[in-house]
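A.B. asks: Below you will find the structure I want to go over with you.
Every number in this text was worked out from the coordinates using simple rules, so none of it is lab data. What you see is a predicted model; the values in this text were computed from it and never measured. Positions of Cβ are backbone-derived with ideal geometry, glycine not excepted, and every protein chain shown enters the neighbour counts.
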Amino acid sequence: MTFNNIIGILEEAKAQHVLLLCHHNSDPDAVCSAYAFQSLLKKVKPDITTEIGTGQGVSRLAKNLFKYIPIKVNLKPNVDKAQAIILLDTNTIQQLGDLVEKVSKTPAPIIVVDHHAAHPETQGICKLCITNEEASSTCDIVYNFYKEQNIKPDQNEAKALFVGMAFDTRHFVLANSATFKAVSDLVDSGVNAQECLSMMAMPMDFSERVARIKGCRRAKLLKVGNWIIALSHVSAYQASAARALTDIGAHVSAVAGQKGDSIEISLRCTRDFTEKTGIHLGRDIAKPLGEYLKGMGGGHAMAAGVNGTGEIEAGLKRCLRLLKENLAKNE
């Protein structure tokens, strides 16, 4: 599936207004891929108007990028006005926060562009899913759309693509050869790598520091075979707390947070754990855990997330059970 397939669907729908949606608390890969995609669509189909939107805000880091790249995100997008909807870096409509109900009922064709496998429920309502789990980021996929159309990104578009790739690969620690080739092309086109990386050099705010410390202090450590699993809970910054636990020594971490009946669980693991066990956190842990919690789960091999309903203790207990079952399969 290619960018031309997307154009074909837009033409078939006679879409004049296209809504590009990112997941809640949108990260740099989400907003940057949406911006680069929006720019490419304007070049190919200048008669179409586009809007980038999200249901529940953007991350602090993504918001900081708006100082350097002219990305505009509507925090209250008009779903009813959209004649076509494209989900960027969003493999399930459950990640759309307050927009879930409206998007699930829209008559407009829905297209997914993501580097995570689309959730079966989302596949059922989508006209087209362009997903590639081998891509390091959604920006990698969008960059390939530019190459496919033989269009060179301008400086702002190139910066956005570079930053999105850098963010989702943890400053290229997790990058594959295709990403390095793309980055090389972007740098050759004039992107200043140091300048772009400095856009993401934000001091950690006080609340996140506290969350990480609490996450470590509350962690329950278990040894399963040769692996250390850390389970914890914090009221916010679950993903950051999970990263902190793997940074200080856990092979796998799961950090939960609860608001009312809703529960969120962030999962992280080391590359060594993934390579030696073959466990894919998004596919093997987050997806079934999301189903258990009557919500959604998914993500990468080394980083995943779950949203659902239930209690923290039950959610983490189920998470541990899934990890043990998968480890037993791979012994």
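A.B. asks: Which of Ser207, Ser59, Ser136 moves most in a GNM of the chain, Cα contacts under 10 Å?
C.D. replies: Sorting by GNM fluctuation, first place goes to Ser207.
A.B. asks: Quick one: among Gln194, Gln94, Gln83, which has the greatest mean-square fluctuation in a GNM of the chain with alpha-carbon springs under 10 angstrom?
C.D. replies: Of the options given, Gln194 has the highest mean-square fluctuation.
A.B. asks: Sticking with this structure for a sec: Using a Cα-Cα cut-off of under 18 Å, which lysines could be cross-linked to Lys259, ignoring same-chain neighbours fewer than 8 residues away?
C.D. replies: Lys214, Lys294
A.B. asks: Suppose R0 equals 45 Å. What FRET efficiency, 1/(1 + (r/R0)^6) with r the Cβ-Cβ distance, do Lys105 and Lys223 give to the nearest 0.05?
C.D. replies: 0.40
A.B. asks: For segment 280-331, which trypsin sites (Lys or Arg not before Pro) are both in a DSSP coil and crowded by at most 13 other Cβ atoms within 10 Å?
C.D. replies: Sites meeting the loop and neighbour criteria: Lys294.
A.B. asks: Fewest Cβ neighbours within 10 Å first, please rank Ile312, Ile285, Ile6 accordingly.
C.D. replies: Least crowded to most crowded, the residues run Ile312, Ile6, Ile285.
A.B. asks: Among Lys152, Lys214, Lys67, determine the one that fluctuates most according to a GNM of the chain built with springs between C-alpha atoms less than 10 Å apart.
C.D. replies: Highest fluctuation of the listed residues: Lys67.
A.B. asks: So how much slack lies between Arg209 and Ser189, counting 0.36 nm per residue of separation and subtracting their Cα-Cα distance, in nm?
C.D. replies: Result for the pair: 3.4 nm of gain on full extension.
A.B. asks: Specify the angular offset, from 0 to 90 degrees and rounded to the nearest 10, of the alpha carbon long axis of helix 138-148 from the longest principal axis of the alpha carbons in the chain.
C.D. replies: Value to nearest ten degrees: 30.
A.B. asks: Given Cα pairs under 8 Å that are at least 6 residues apart, what percent is the relative contact order of segment 3-198?
C.D. replies: 22 percent
A.B. asks: For Lys259, project a label point 7 Å along Cα to C-beta. Then give me every residue of segment 290-327 with its amide nitrogen under 17 Å of that point.
C.D. replies: Label zone hits: 295-296, 305-312.
A.B. asks: Apply the Karplus parameterisation 6.51 cos²θ - 1.76 cosθ + 1.60, with θ equal to phi minus 60°, to every residue of segment 5-20 and state each ³J(HN,Hα) to the nearest whole Hz, in sequence, with x for glycine and proline.
C.D. replies: 5, 5, 4, x, 5, 5, 5, 4, 7, 6, 6, 9, 10, 10, 9, 9
A.B. asks: Here's something else I'd like to know. Expected output is a single nm value to one decimal: the length gained when fully extending between Phe66 and Phe180, i.e. 0.36 nm times separation in residues minus the C-alpha distance. What is it?
C.D. replies: 38.6 nm
A.B. asks: To continue, here is another question. Farthest toward the dipole's positive end in the chain, which of Ala242, Val163, Thr138, given Cβ charges of +1 (Lys, Arg) and -1 (Asp, Glu) about the Cα centre?
C.D. replies: Selected residue: Ala242.
A.B. asks: Out of all DSSP beta bridges with both ends in the chain, state the antiparallel percent to the nearest 5.
C.D. replies: Restricted to the chain, the bridges split so that about 50 percent are antiparallel.
A.B. asks: Roughly how many nanometres apart are two label points built 7 Å out from the Cα toward the Cβ at Glu291 and Lys127?
C.D. replies: The answer from the label model is 2.9 nm.
A.B. asks: List the lysines whose alpha-carbon lies under 16 Å from that of Lys181, not counting same-chain residues fewer than 8 positions away?
C.D. replies: Answer for Lys181, where 16 Å is the Cα cut-off: Lys147, Lys152, Lys159, listed by chain and number.
A.B. asks: Taking the beta-carbon count within 10 Å as an exposure proxy, list Ser26, Ser262 from fewest neighbours to most.
C.D. replies: So the residues, fewest neighbours to most, are Ser262, Ser26.
A.B. asks: Rg to Rh ratio, the chain, alpha-carbon atoms and Kirkwood radius?
C.D. replies: Using only Cα positions, Rg/Rh for the chain is 0.96.
A.B. asks: Whole angstrom only: what separates the Cα centroid of segment 174-214 from the Cα centroid of segment 260-323?
C.D. replies: Between the Cα centre of segment 174-214 and that of segment 260-323, the gap is 25 Å.
A.B. asks: Measure nothing but the geometry: give the 0 to 90° angle between the long axis through the Cα atoms of 206-218 and the longest principal axis through the Cα atoms of the chain, rounded to 10°.
C.D. replies: The two axes meet at around 40 degrees.
A.B. asks: For the chain, calculate the relative contact order in percent as a whole number, restricting contacts to Cα pairs under 8 Å that are 6 or more residues apart.
C.D. replies: The normalised contact order for the chain reaches 12 percent.
A.B. asks: Could you compute the FRET efficiency for Arg321 and Arg271, with r as their C-beta to C-beta distance and R0 at 25 Å, rounded to 0.05?
C.D. replies: My answer for the efficiency is 0.55.
A.B. asks: Taking neighbour Cβ counts within 10 Å as the exposure measure, how do Leu323, Leu161 sort from fewest upward?
C.D. replies: Fewest-to-most ranking of Leu323, Leu161: Leu323, Leu161.
A.B. asks: Calculate, for Glu12 and Gln155, the FRET efficiency according to 1/(1 + (r/R0)^6) with r their C-beta to C-beta distance and R0 30 Å; round to the nearest 0.05.
C.D. replies: 0.35
A.B. asks: Please list, or write none, the lysines whose alpha carbon is within less than 22 Å of the alpha carbon of Lys329, excluding same-chain residues fewer than 8 places away.
C.D. replies: Lys223, Lys276, Lys287, Lys317
A.B. asks: Decide, for segment 206-329, between rounded, prolate and oblate: order the square roots of the alpha carbon gyration tensor eigenvalues as a ≥ b ≥ c, take rounded if a/c falls under 1.5, and otherwise choose prolate if a/b is larger than b/c, else oblate.
C.D. replies: Oblate shape, in that a/c is at least 1.5 and b/c is the bigger or equal ratio.
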